[in-house]
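Right, one structure below, let's go through it.
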Amino acid sequence: MTFPRIHDLLPDARAELRLPDHKPLYTEAEAQAEANRCLYCTDAPCIQACPTSIDVPTFIKKIATGNVRGSARTIFEKNMLGYSCARVCPVEVLCAGACVYTGWHRDPIAIGRLQRYATEIATREGQAPLFTPKPARGSAGLRVALIGAGPASLACAAALALEGHGAVVFEKRAFPGGLNTTGIAPYKLHAGDALQEVEWIAALGVEIRTGIEVGRDVMGADLVDGYDAVFVGVGLGSDSALGLPGEEGAGVYGATAWIEAMKVTRIGQLDLGKVVVVGGGNTAIDMARECAELGAVEVTMVYRRGVGDMSGYAHELELAKREGVRVIPETVPVGFVRLHDGRVAALRVAGAHAGKAVPGTEREIPCDTVGIAIGQSKLRGLADELPGVRLDARGCIVADPATGATDHPKIWSGGDCVNGGKEVVHAVADGRNAAHAIMRRLGKER
Ligand code: SF4
């Protein structure tokens, strides 16, 4: 590995450590009891609902019989990031949402918690490796450069390394893992846990070079020339801004930038005061819940349309409300009120119809902190680095959804930079599928 060890990267005093794990690791007795509830359905709907097609009844059966390592192998055979997916997947709308128990209005099998149980125990330090990569093929094998060290690239690199091919990941940040490290709500996954999973992947023989930005430290054309294939898994860019007067300055944050700072930098004590979060997606809900749990005096979400139009998951919004988050729908920001010393004093808002401000309805919501969670920019600049890769009207890379193949014969892509922002498990599926497509197309030539 070419990135520093975890304890060198993450300060002890970071704020995320103040947020407890909402779904802690099962004990053996709890895991066995839950596993024994599973009906091991044929044509199990939980498998169909998993974007990586994990054989859920088989891994659960292995837990029930005490074969935890075998259970973890079953999970990892389909999803090498099965540990983080167990923690971050919205199982309510994926596998557990499809569980037959849900249809009977009974609690579904806690698939995510069982998956965490198997993967966490089987990959703990000191455990024998679960997989032995095929011997390195050297010049007979492929060498693939992967841009971005998030879930899509890591899944792609792991699949290549297991087959004995070379995989070199280039990451511009100081630490790898992408959103798993910097963007997941801490009560689901801490940054340290995400980095441990990265180390587990790196141990398969994946080379990870951090602090290297493509276009600045290494040219895209050099990667295309110097490697057999390039996989682009760069995710999304920086937070979009409202573009309103007074937005620039202290107290107003892009939501993903704020979450990243809270997770990986030394801001143990936050003086949040009253918080307003603008937006109705999952990032907005995450920031609102995190602020509430970190001791904000009051947290309000402001959304320009109705609650039913919010793109965030209904079950997450319900939890946010239970934690005291107030939701004000059909309201749009129109400006910021700052004190003479620059501090934020209020968000100026107006009532909204069809997402647009209604004249004459302006008012102020007093606050000290504002989070802007209205989306993230696309990394259009990278397209200049990789001529031949086409972007769609949204700024997303155009790639075959089944294989990740782009218009360039040596470049594949997957994850958020292709789909515009979906779940981690979708990025993992994209990366894995692209690895197999690369090996199918190029591997035969070796
Ligand atoms: Fe088990 Fe539910 Fe899947 Fe059936 S649908 S196999 S009960 S987890």
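From the backbone phi of the stretch 47-64, what are the Karplus-calculated ³J(HN,Hα) couplings (6.51 cos²θ - 1.76 cosθ + 1.60, θ = phi - 60°) in whole Hz, Gly and Pro given as x?
Per residue, the Karplus-derived 3J(HN,Hα) values read 5, 4, 7, 8, x, 9, 6, 4, 7, 4, x, 5, 5, 5, 4, 5, 5, 4 Hz.
Which residues make up the longest stretch of the chain clear of chymotrypsin sites (Phe, Trp or Tyr not before Pro) that lie in a DSSP loop with no more than 12 other Cβ atoms within 10 Å, not counting the sites?
Working: sites that count: Tyr40, Trp104.
So the longest stretch without any such site is 105-446.
Report the calculated FRET efficiency for Arg37 and Val307 (r = Cβ-Cβ distance, R0 = 45 Å), to the nearest 0.05.
Approximately 0.85, to the nearest 0.05.
At a threshold of 8 angstrom on Cα-Cα distance, excluding pairs fewer than six apart, so keeping six or more, what relative contact order does the chain reach in percent? Can you show the working numbers first?
Values: 976 pairs, mean separation 78.8, N = 446.
Relative contact order for the chain comes out at 18 percent.
Computed FRET efficiency, Cβ-Cβ of Asp400 and Arg326, R0 41 Å: what is it to the nearest 0.05?
On the way: r = 44 Å, r/R0 = 1.07.
The computed FRET efficiency comes out at 0.40.
Which whole-percent values make up P(r) of the stretch 23-122 when all C-alpha to C-alpha distances are grouped in 10 Å steps starting at zero?
18, 57, 25, 0
Given 0.36 nm per residue, what is the gain on full extension from Leu391 to Ser139 after removing their alpha carbon distance, in nm?
Values: separation 252, 0.36 × 252 = 90.72 nm, distance 3.32 nm.
Full extension of this stretch gives 87.4 nm more.
Taking the Cα centroid of the stretch 411-433 and of the stretch 319-336, what is the distance between the two, rounded to the nearest whole Å?
Rounded to whole Å, the Cα centres lie 30 Å apart.
Can you give the convex hull volume of the alpha carbon atoms of the chain per residue, in Å³? Walk me through the numbers before you get to the answer.
Working: hull volume 69.2 nm³, N = 446.
Output value, Cα hull per residue: 155 Å³.
What residue among Gly233, Gly414, Gly66 shows peak mean-square fluctuation when the chain is described by a Gaussian network model with Cα springs under 10 Å?
For the chain, modelled as a Gaussian network with Cα springs under 10 Å, the answer is Gly66.
How many angstrom lie between the C-alpha centres of the stretch 112-147 and the stretch 276-300?
Answer, in whole Å: 36.
How much net charge surrounds Ala31 when only other residues with a Cβ under 13 Å from its Cβ are counted (Lys, Arg +1; Asp, Glu -1)? Mind dumping the intermediate values first?
On the way: positive: Lys23, Arg37, Lys61, Lys62, Arg113, Arg116; negative: Glu28, Glu30, Glu34, Glu120.
Surrounding charge for Ala31 is +2.
5 Å is the cut-off here: which amide hydrogens, built 1.01 Å from N in the peptide plane, fall below it relative to Ile328, excluding neighbours closer than 5 in sequence?
The list, which skips near neighbours in sequence, is Met301, Val302, Tyr303.
In units of 2.2 N^0.38 Å, what is the alpha-carbon radius of gyration of the stretch 296-340?
Here the answer is 1.33, to two decimals.
If amide H atoms are built 1.01 Å from N in the plane of the peptide, which residues on other chains or at least 5 residues away come under 5 Å of the amide H of Val169?
Leu146, Glu207, Ile208, Arg209
All of the numbers you see were taken from the coordinates with simple rules; none came from a lab. This one's a predicted model, so the numbers in the text were calculated from it and none came from an experiment. For neighbour counting, all protein chains shown are included, and Cβ atoms are generated from backbone atoms with ideal geometry for every residue, glycine included.
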